[in-house]
Structures are given as C-alpha cells and as structure tokens.
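**Student:** Attaching a single structure in structure tokens format; questions to follow.
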Amino acid sequence: MTYTITSLCLRYKACVDACPVDVIVPGEPKEEWPWFYIDPIGCIDCGACVPVCIYDAIFAEDEVPGYRGNPLYRAMGGEFISLPELDGHWEGEDVNGKLVVLDTTRQLEAGEEVDLAPAVNLNFDYFEAPRPDGTEPEKVGPGYEAVAM
Ligand code: SF4
C-alpha cells in the first residue's frame, strides 16, 4: 500500500516537509500533473503527510473515496478540485506564503459527490510504477526524475 494525494490537492506543500523519506514531489508541468505526487515504491506508510494538508487531500490508498467500493467524497461546499481537464482559475498561498496559481480547478457545491479514485492510478503513472492491480502505467510521468532533483 501507499498513500495517495487526490484532486483536492492545491499544492500547499506542507506534506513535502512532513515526509520523513522525501518521496513527495510537485507535479510538472502542473497543467498536466496539477497535484503533488507520492512515490509509491518509497512511501513507508507513516501517515505524517495527512494531518498537515489543509485541504484534506491525502488518504491511505485503500481509504481513497470512491476506490474499490469506498463511499464517494461528499463536498462540504466551497472547496476546489484540480484536474488537467478543468479550466477554472484559483489562486492561493503554499505553506511558505508563496503564491500558487492553478488554471485547472473547479469549486465544489455542498453535497456534491466526487470520485477521487482516479488519483490512485494517476499517482502510479507519475512514477512509471506498476499499478496496484499489476498493470503498467498508461502515461509516463517524470516522477523519479523529480525525486532525484
Ligand atoms: S505516508 Fe509517510 S512516507 Fe508516505 S508520503 Fe506520507 S509522509 Fe511520506
């Protein structure tokens, strides 16, 4: 198992500092990979990244909303999701006060249900790692190069 960052991620970055084994990296280019991603091979499942995310975007893989029969994510209303196919503008600050601009977002309505499960395979794709079901990634991301930087 690994932990998974989902489409609720708005690049706050506190998870990067919290991770004791430095396996969380920003997606690049952010238009194609708008979140931060966790190297599924290197993650030691400590859970330290979860409480520091102000967007509650990180889940243990088997607890990701919508994944393998889990209930869908039910929006509080007002929070944003970020996906490459979306075009909504969002601006905020990361944990260091640095401006974050995303043009891949949409604001959720209260009670809206969202399937966050695609994040599981996308995370594996970013690192070119075989998915949990053993299949190869469909896309090849720059994840391991990003970790090495
Ligand atoms: S669960 Fe622990 S090791 Fe895995 S990404 Fe989060 S902080 Fe890093």
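**Student:** Just to be sure, is ALA129 at pLDDT 95 or above, farther than 21 Å from TYR12 by Cα and not in a helix (DSSP H, G or I)? Lay out the reasoning, then the answer.
**Tutor:** Working: at pLDDT 95 or above: no; farther than 21 Å from TYR12 by Cα: yes; not in a helix (DSSP H, G or I): yes.
It is false that ALA129 is at pLDDT 95 or above, farther than 21 Å from TYR12 by Cα and not in a helix (DSSP H, G or I).
**Student:** Right, something else. Considering each residue of the stretch 96-126, count those that are within 16 Å of PRO29 (Cβ to Cβ) and at pLDDT below 95, and give that number.
**Tutor:** Total meeting the criteria: 3.
**Student:** Please enumerate the residues belonging to the stretch 71-96 that are touching a strand residue (DSSP E or B) at 6+ places or on another chain (Cβ under 8 Å) and of a type in the set (S, T, N, Q).
**Tutor:** Answer for the stretch 71-96, where residues must be touching a strand residue (DSSP E or B) at 6+ places or on another chain (Cβ under 8 Å) and of a type in the set (S, T, N, Q): just SER82.
**Student:** Being away from the ligand (no atom under 16 Å from the Cβ) and either free of Cβ contacts under 8 Å to residues at least 24 places away in the same chain or of a type in the set (A, V, I, L, M, F, W, C) (or both), is that true of even one residue in the stretch 39-48?
**Tutor:** Going residue by residue through the stretch 39-48, those that are away from the ligand (no atom under 16 Å from the Cβ) are none.
The answer is no; no qualifying residue exists.
**Student:** Here's a follow-up. Out of (1) within 13 Å of the ligand (Cβ to nearest atom); (2) in contact with a strand residue (DSSP E or B) (Cβ under 7 Å, 6 or more places away or on another chain), what's the single condition that is false for PRO51?
**Tutor:** (2)
**Student:** Conditions first: (1) in contact with a His (Cβ under 8 Å, 6 or more places away or on another chain); (2) surrounded by 13 or more Cβ atoms within 10 Å (Cβ to Cβ). ASP17 passes all but one, so which condition is the exception?
**Tutor:** (1)
**Student:** In the set GLY27, GLY42, which member is modelled with pLDDT under 95 and out of contact with any Phe, Trp or Tyr (no Cβ under 6 Å at 6 or more places or on another chain)?
**Tutor:** The unique qualifying residue is GLY42.
The values are calculated or read from the model by the stated rules, or taken from the named source; none is laboratory data. Computed from a predicted model, the values in this text were never measured in an experiment. Neighbour counts are summed over all protein chains in view; Cβ atoms, including those assigned to glycine, are modelled from backbone coordinates with ideal geometry.
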